[in-house]
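Quick notes on the structure that follows.
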Amino acid sequence: MVTSPSVFVVDDDESVRESLDPLIRSAGWRPETFASAAAFLARPRVAAPSCLVLDVSLPDLNGLELQKRIADDRFNLPVIFITGHIDVPLTVRAMKAGALEFLTKPFSDEALLAAIAGAVERSRDALGREAVVRELRDRYESLSRREREVMAFVVLGLLNKQIGSRLLISEITVKAHRGKVMRKMKADSVAELVRMAVRLSESVVKAA
């Protein structure tokens, strides 16, 4: 069963929430509305394409504070800010922090729907990349300590003989470990193994 993308709306103005709910639903997405940042934060993260339509001014945390709060654990949730007045410095801060759009009320239905469509697509791409990295991590976790050592040297471009010298094992043993690494990582070539290692390294840096 394919789940429709979720569009979360956080706005303390009830009339805004009531007007956006049917608009979002009419476009084929699944709206969920919240009157405060706290109410939204209590909602568990969803593992499906989604985006956040966020009012700048809220009764508890303001929009920028909420954006900062969710930046790490909900990186696949693009933010579309909405506001009742133009504030250039605030807009710049929001965009630098990763906001996808900044719409000033009253905005047209078409402008909002276009922004949501772009945000959902970006979320879908982010989830796809996350799934790839998660699969690579699972493959890497299946390697033994020695296989990880061999993989590290293979990625650096060392030959079997050189790797054996570094690890004080025979060239034949290196070759056997190397074959297991390629099979477990599902790499068809050394170049592909290098790309996998780069993706894994980048994911570690982002998580730090």
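Does LEU143 meet the test of being assigned to a helix (DSSP H, G or I) and either surrounded by fewer than 14 Cβ atoms within 10 Å (Cβ to Cβ) or at pLDDT 95 or above (or both)?
no
Can you find, within segment 1-25, the residue that is nearest to ARG122 (Cα to Cα) among those that are of a type in the set (Asp, Glu) and part of a loop (DSSP other than H, G, I, E, B)?
Per the criteria, the residue is ASP11.
Hey, could you check segment 162-177 for residues that are free of Cβ contacts under 8 Å to residues at least 24 places away in the same chain and among the β-branched types (Val, Ile, Thr) and say which is surrounded by the most Cβ atoms within 10 Å (Cβ to Cβ)?
For segment 162-177, the residue satisfying everything is ILE163.
Residues being without any contact (Cβ under 8 Å) to a residue 40 or more places away in the chain and more than 22 Å from the chain's Cα centre (by Cα): count how many of those fall in segment 118-151.
The qualifying residues number 7.
Given the condition in a strand (DSSP E or B) and buried (at least 19 other Cβ atoms within 10 Å of the Cβ), answer yes or no: does some residue in segment 54-65 qualify?
Yes.
Can you confirm whether segment 99-117 contains a residue that is under 24 Å from the mean Cα position of the chain (by Cα), farther than 20 Å from PRO78 by Cα and exposed (fewer than 15 other Cβ atoms within 10 Å of the Cβ)?
no
With the condition kept exactly as written, say whether any residue in segment 89-98 is charged (D, E, K, R), touching a residue at least 60 places away in the same chain (Cβ under 8 Å), part of a helix (DSSP H, G or I) and assigned by TED's automatic domain parsing to the domain that holds CYS51.
Scanning segment 89-98 turns up no residue that is charged (D, E, K, R), touching a residue at least 60 places away in the same chain (Cβ under 8 Å), part of a helix (DSSP H, G or I) and assigned by TED's automatic domain parsing to the domain that holds CYS51.
Of all residues in segment 146-161, how many are of a type outside the set (Lys, Arg) and part of a helix (DSSP H, G or I)?
9
Starting from segment 178-199, take each residue that is without any contact (Cβ under 8 Å) to a residue 40 or more places away in the chain and list its partners that are not hydrophobic (A, V, I, L, M, F, W, C), counting only C-beta distances under 7 angstrom and pairs at least six apart or across chains.
ARG178/ASN160; LYS180/GLU147; VAL181/GLU147
Tell me, please, whether a residue that is assigned by TED's automatic domain parsing to the domain that holds LEU113, within 21 Å of THR104 (Cβ to Cβ) and of a type in the set (Lys, Arg) can be found in segment 16-35.
Yes, the conditions are met somewhere in segment 16-35.
The values are calculated or read from the model by the stated rules, or taken from the named source; none is laboratory data. Every value quoted in this text rests on a predicted model; they were computed, and no experiment measured them. Cβ coordinates were reconstructed from backbone atoms using ideal geometry, including for glycine residues, and neighbour counts include every protein chain displayed.
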